[in-house]
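Engineer: The structure that follows is given in the form of structure tokens.
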Amino acid sequence: MRLFIAVNLPQQVRRGMWEAAESLRARSYPIRWVPPDSLHLTLKFLGEVAAEREEEIVGGIRRAVKGTKPFTLPIAGFGAFPSPVRPRVVWVGCEGVPSLELLQHRVEQEMDRLGFPVEGRPFHPHLTLGRVKRGVKQRTLAGFAADLGPLEYAAEVLVESVDLMQSELMRDGARYTRRRKVELEA
């Protein structure tokens, strides 16, 4: 199974981000858009994992969230990695609030103890809206940065749980399924 650990969002927030990006999607840039039901905040990508390790991973998530109370996560702003001028990933930003940073760090530590390598780059919380298709020439993205600039969306989400998610790669993109939900401590 291909697994990752994430924070899922309420349906109205997913729909709001999707609607806010409508004008960008309408421009027909060569981008594979993530369906609104699949929008999430990845805390840790685990990769291919044997099914029998699921309980061990859930135990690690429980240890990571121990003592973490629900917190508010501000979501705002559109951007692209590595930059809007040369986009590869289109995203909506999440403010790196201390509670989120600590939670992600603790998830990373617990998964490291279980043998999953620590991510080599800093955590930049974001919600991936789309990925530029492979082999696309830069000229086909002319005007993208100007179209991205005026987009706006802002919301606050109450984070109350962390989910173990399964990713199945399909011809038209990945399909995500929640395998387990671990509640934060109220």
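Where a number appears in this text, it was derived from the coordinates with a stated rule and is not lab data. From a predicted model like this one, the values you see are computed outputs, not experimental measurements. Don't worry about glycine lacking a Cβ; one is built from the backbone with ideal geometry, like all the others, and counts go over all protein chains shown.
Engineer: What are the residues in region 171-186 that are within 15 Å of the chain's Cα centre (by Cα) and of a type in the set (Asp, Glu), if any?
Structural biologist: none
Engineer: Here's a check for you: in region 127-141, which residue that is at negative phi and either surrounded by fewer than 11 Cβ atoms within 10 Å (Cβ to Cβ) or of a type in the set (Phe, Trp, Tyr) (or both) is farthest from the chain's Cα centre (by Cα)?
Structural biologist: This residue is ARG139.
Engineer: Which of the residues that make up region 13-24 are within 14 Å of the chain's Cα centre (by Cα) and either surrounded by fewer than 18 Cβ atoms within 10 Å (Cβ to Cβ) or among the charged types (D, E, K, R) (or both)?
Structural biologist: ARG14
Engineer: Additional query: When the residues of region 25-36 are filtered to those that are within 14 Å of THR128 (Cβ to Cβ) and crowded, with 20+ Cβ neighbours inside 10 Å, which remaining residue is nearest to the chain's Cα centre (by Cα)?
Structural biologist: Step by step, filter region 25-36, then rank; the result is VAL34.
Engineer: Follow-up question, since we're still on this one. Exactly one of (1) under 16 Å from the mean Cα position of the chain (by Cα); (2) without any contact (Cβ under 8 Å) to a residue 60 or more places away in the chain is unmet by ILE75. Its number?
Structural biologist: Condition (2) is where ILE75 drops out.
Engineer: Please verify whether GLN166 is closer than 26 Å to GLY16 by Cβ, of a type in the set (S, T, N, Q), surrounded by 15 or more Cβ atoms within 10 Å (Cβ to Cβ) and touching a Phe, Trp or Tyr at 6+ places or on another chain (Cβ under 6 Å), treating the condition exactly as stated.
Structural biologist: No; evaluated as a whole, the condition is false for this residue.
Engineer: Out of (1) touching a residue at least 40 places away in the same chain (Cβ under 8 Å); (2) surrounded by 15 or more Cβ atoms within 10 Å (Cβ to Cβ), the odd one out for TRP91 is which?
Structural biologist: In the conditions (1) touching a residue at least 40 places away in the same chain (Cβ under 8 Å); (2) surrounded by 15 or more Cβ atoms within 10 Å (Cβ to Cβ), TRP91 misses (1) alone.
Engineer: Do the conditions hold for PRO10, that is, is it within 16 Å of the chain's Cα centre (by Cα) and closer than 15 Å to THR128 by Cβ?
Structural biologist: no
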